[in-house]
Amino acid sequence: MEYRALGRTGIDVSVLGFGCGDVGGLIVKGTLAERKRAVTRAVELGVNYFDTASSYGSGVSEEHLGETLRELGLDVHVGTKVRLRPEDFGDIRGAVVRSLEASLRRLGRPSVDLVQFHNPIGPATAGTTLGVGEVLEEVLPALEDLTRQGKARFFGITANGDPEALHRVVGAGAIFTSQVFYNLLNPTAGGQAEGPFPGVDFKGLLPLAKRKRVGTIAVRALAGGALSGVRTKHPFASPSVSPIGSGPTYEDDVRAAEVFTKLVKDGFVRNLPEAAYRFIISHDAISTVLVGASTLEHLEQAAAAVFRGPLPAEALARVNELWKDLRG
Ligand SMILES: NC(=O)c1ccc[n+]([C@@H]2O[C@H](COP(=O)([O-])OP(=O)(O)OC[C@H]3O[C@@H](n4cnc5c(N)ncnc54)[C@H](OP(=O)(O)O)[C@@H]3O)[C@@H](O)[C@H]2O)c1
């Protein structure tokens with residue numbers, strides 16, 4: 001397993017991380033035995049980062065991950081997230097602290113390596129989106145306080161929302177990490193691909209993150225399953241997935257994903273998930289990409305993909321051609 005610097009945290013993170021979210025669902029819905037098998041195998045493969053959130057399974061993901069790591073006596077890096085409700089916007093600092101303290105109780109840990117803001121960020125507060133001003137003046141100082149209290153080692157955001165607002169937060173240089181939506185369907189965060197692409201134009205957020213030594217965690221590597229080449233959903237998986245950063249619908253993503261099967265036909269990769277994961281780790285500003293597994297096979301396939309390393313130049317050139325087909 002390759003390890004990469006997680007920004008300026010000093011953590012060398014495995015280039016493949018383990019997502020504990022609802023979409024794959026293995027940690028939320030798996031039995032303790034299934035979870036122990038998956039986490040043991042992940043660590044055997046060299047995975048050292050596990051990504052959860054207070055909202056995953058309405059807290060069950062944190063409970064299950066904490067229980068599984070305790071049962072196995074494993075010491076790995078753990079990140080969780082704070083998602084604020086509109087009714088929390090009147091007391092942002094208090095709500096941030098209360099959220100992480102509740103997460104630590106569910107995880108059964110005194111602290112986490114990473115606490116990440118989970119709400120979309122926009123030019124102004126609206127619905128569940130928080131305004132960039134409040135994020136810079138309220139959320140980040142509250143997250144920083146949590147690191148001073150020893151409840152988290154580092155803090156970060158989820159780069160979802162308005163690109164200008166996201167560039168302001170990453171550009172401010174206070175955060176240590178950012179979850180980034182970057183995949184074959186929407187590569188705009190990479191800053192290399194000529195658009196337009198469906199979804200949000202993240203306008204080269206990754207090179208900015210690199211300049212600011214902000215570690216990046218690639219999420220939705222398979223666009224929620226659309227880039228898996230498999231139409232059926234595992235019982236653990238979310239039956240329906242709303243695109244984030246791509247779309248407009250999951251069906252649109254599945255149709256768009258088909259163009260990349262040519263990479264398999266051309267012999268560059270063995271399957272679509274391999275193309276998806278290797279494309280992401282081909283960007284030097286990516287620290288780790290998360291697998292959202294429903295099964296052990298999903299984990300094995302993701303590991304086999306990153307073990308083959310970044311895509312070679314001729315495969316990346318082919319991807320560029322396929323993007324043109326996609327736009328065509
Ligand atoms: N910060 C944020 O806002 C945010 C948002 C999204 C995700 N995340 C993090 O990123 C992690 C991964 O993202 P994600 O799970 O949402 O999306 P994803 O990785 O793009 O897709 C996961 C889906 O793909 C399918 N799949 C995975 N590997 C496969 C394989 N090898 N072959 C076939 N199908 C495969 C899974 O099972 P099925 O085929 O059974 O469906 C699952 O439903 C999450 O667990 C979470 O930790 C963070």
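Restricting to the stretch 3-327, compute how many DSSP beta bridges are antiparallel as a %, nearest 5.
Working: 4 of 34 bridges.
Percent antiparallel among DSSP bridges in the stretch 3-327 is about 10.
In debye, nearest 20: dipole of the stretch 3-327 around its Cα centre with unit charges on the Cβ of K, R (+) and D, E (-)? All intermediate terms of the calculation are to be shown ahead of the outcome.
Values: 37 positive and 36 negative charges, 99 e Å.
Computed charge dipole of the stretch 3-327: roughly 480 debye.
Strictly greater than 12 Å: what percent of every Cα pair in the stretch 237-293 meets that? Walk me through the numbers before you get to the answer.
Numbers: 1161 of 1596 pairs.
Tail of P(r) above 12 Å: 73 percent of Cα pairs.
Measure off, as a whole percent, the carbon and sulfur share of the 1.4 Å-probe accessible area of the stretch 113-271, all protein chains present. Please report the intermediate quantities before stating the final value.
Numbers: 3420 of 6380 Å².
For the stretch 113-271, the apolar C and S fraction of the accessible surface comes to 54 percent.
May I ask you to give the solvent-accessible area per residue for the chain, in square angstrom, as obtained with a 1.4 angstrom probe? Kindly include the intermediate steps, with their values, before the conclusion.
Numbers: 12860 Å² over 328 residues.
With all protein chains present, the chain gives 39 Å² per residue.
Could you order peptides 38-44, 289-295 by the average number of other Cβ atoms within 10 Å of their residues, highest first?
Top of the packing list down: 289-295, 38-44.
Accessible area of Y49, 1.4 Å probe, to the nearest 10 Å²?
10 Å²
Across all directions of projection, what mean area in square nanometres is found for the Cα convex hull of the chain? Provide the component values of the computation, followed by the final result.
Values: hull surface 59.1 nm².
Average projection, Cα convex hull of the chain: 14.8 nm².
Whenever you get a sec, compute what percent of the accessible area on the stretch 11-92 sits on carbon and sulfur atoms (1.4 Å probe).
Carbon and sulfur: 47 percent of the exposed surface of the stretch 11-92.
Accessible surface of H298 in the full protein assembly, 1.4 angstrom probe, to the nearest 10 Å²?
Roughly 70 Å² of H298 is accessible to a 1.4 Å probe.
Seen from all sides and averaged, what is the projected area of the convex hull of the Cα atoms in the stretch 1-46, in nm²? Write down the numbers at each step before the final one.
Working: hull surface 15.0 nm².
For the stretch 1-46, averaging the hull's shadow over all directions gives 3.8 nm².
Which order do K36, K265 take when ranked by solvent-accessible area (1.4 Å probe, heavy atoms of all protein chains), largest first? Each step should come with its number before you reach the end.
On the way: K36 60, K265 155 Å².
So the residues, ranked largest to smallest area, are K265, K36.
The values are calculated or read from the model by the stated rules, or taken from the named source; none is laboratory data. Remember, predicted model here, so these are calculated numbers, not experimental data. When we count neighbours, we look across all protein chains shown, and the Cβ atoms used for this are built from the backbone with ideal geometry, even at glycine. Accessible surface is based on the protein model in full, side chains and every heavy atom, while ligands, DNA and RNA are left aside. Shrake-Rupley method; radii C 1.70, N 1.55, O 1.52, S 1.80 Å.
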